[in-house]
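> Before anything else, here's the structure in question.
The values are calculated or read from the model by the stated rules, or taken from the named source; none is laboratory data. Being a predicted model, the structure only gives us computed values, none of them experimental. Glycine also receives a Cβ, built like all others from the backbone with ideal geometry; neighbour counts cover every protein chain displayed. The protein model used for the area step is the full one, side chains on, heavy atoms only, and it has no ligands, DNA or RNA in it. Shrake-Rupley method; radii C 1.70, N 1.55, O 1.52, S 1.80 Å.
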Amino acid sequence: MRVMFRLTIWGILLTAIGVWGQIPTPGVTTSTPELNTIVSRMQTAMAGRNHDRAYSVTREYKLTPEDVRKTARVVAQINTVQSGKKDYRITEGSGQAENIIRKVLDHEKEAANDHSASGEIVPENYDFTYKGTAALDGHTCYVLGLQPHHNAKDVLNGKVWVDADNYLIRQVAGAPVKMPSWWIKDVQLTLHYREMEGVWVQDSGQAIAQVRIVGKHTLSSRAVDVRTQTAVASSTPARKHTRRTD
């Protein structure tokens, strides 16, 4: 299974909203590899992680407008089978917040199932620059700047934190090159990754959007449960949709 690292789901989400220190780590060498070596090892590590694994991630989403009393909560189970294809089901939530999260998950599912590489952090999509090292979650990371090759909603101007020990991506942060909607004036994204139950997953994420007229909206997500049993991860049938909304 080819592990796809994507940013496209956040672009789809924001469109919906618009309408509505350096610390050394033991065991890590003090000499810094060349930039091309870091990028090559990152690609290899991300492509090999979760290979031929079936797993299920339960995520909690919170959609918060400027009036935090109106925060809405949605819970979804996202299943990935050994082929890399995904499906999901909403287990908690209703109303407009559920509709927005459903759009996000529909796009995540489609992107995984068609194996498109438009949102991957790879040399075909980005130029990389070396920014130094930084500590993240007690791990030394190489910090690389991201300069996109094309103007699209799926790519960011930002940075990626690459674990200096295993070369897996621990964090991505930045702003989309192209705003997903006229309603969106500014977006700041942060996606965080770590190992849970032996699987490298996105354990949290945040998108802060400045929306014209209605003000700031924040979408946050966190992984509350990860299961690796094949039967659990592949048990949910694909949900069929009869209507699409732009």
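> Using a 1.4 Å probe, what is the accessible area per residue for segment 41-192, in Å²?
So segment 41-192 comes to 43 Å² accessible per residue, rounded to a whole number.
> Please give me the summed charge of the neighbours of K70: other residues whose Cβ is under 13 Å from its Cβ, Lys and Arg +1, Asp and Glu -1.
So the surrounding residues net to +2.
> What are the residues whose amide H is under 5 Å from the amide H of N157, where those residues sit 5 or more places off or on another chain and H is modelled from the backbone?
A175, V177
> Still on this structure: Please report, as a whole percent, how much of the solvent-accessible surface of segment 157-211 comes from carbon and sulfur atoms (probe radius 1.4 Å).
C and S atoms contribute 44 percent here.
> Considering only Cα-Cα distances, which of the following residue pairs are longer than 32 Å: K103/K131; K85/K178; K85/K131; K85/K216; K86/K131?
Beyond 32 Å: K103/K131; K85/K131; K85/K216; K86/K131.
> Quick one: net charge of Y142's neighbours, Cβ under 13 Å, K/R +1, D/E -1?
+1
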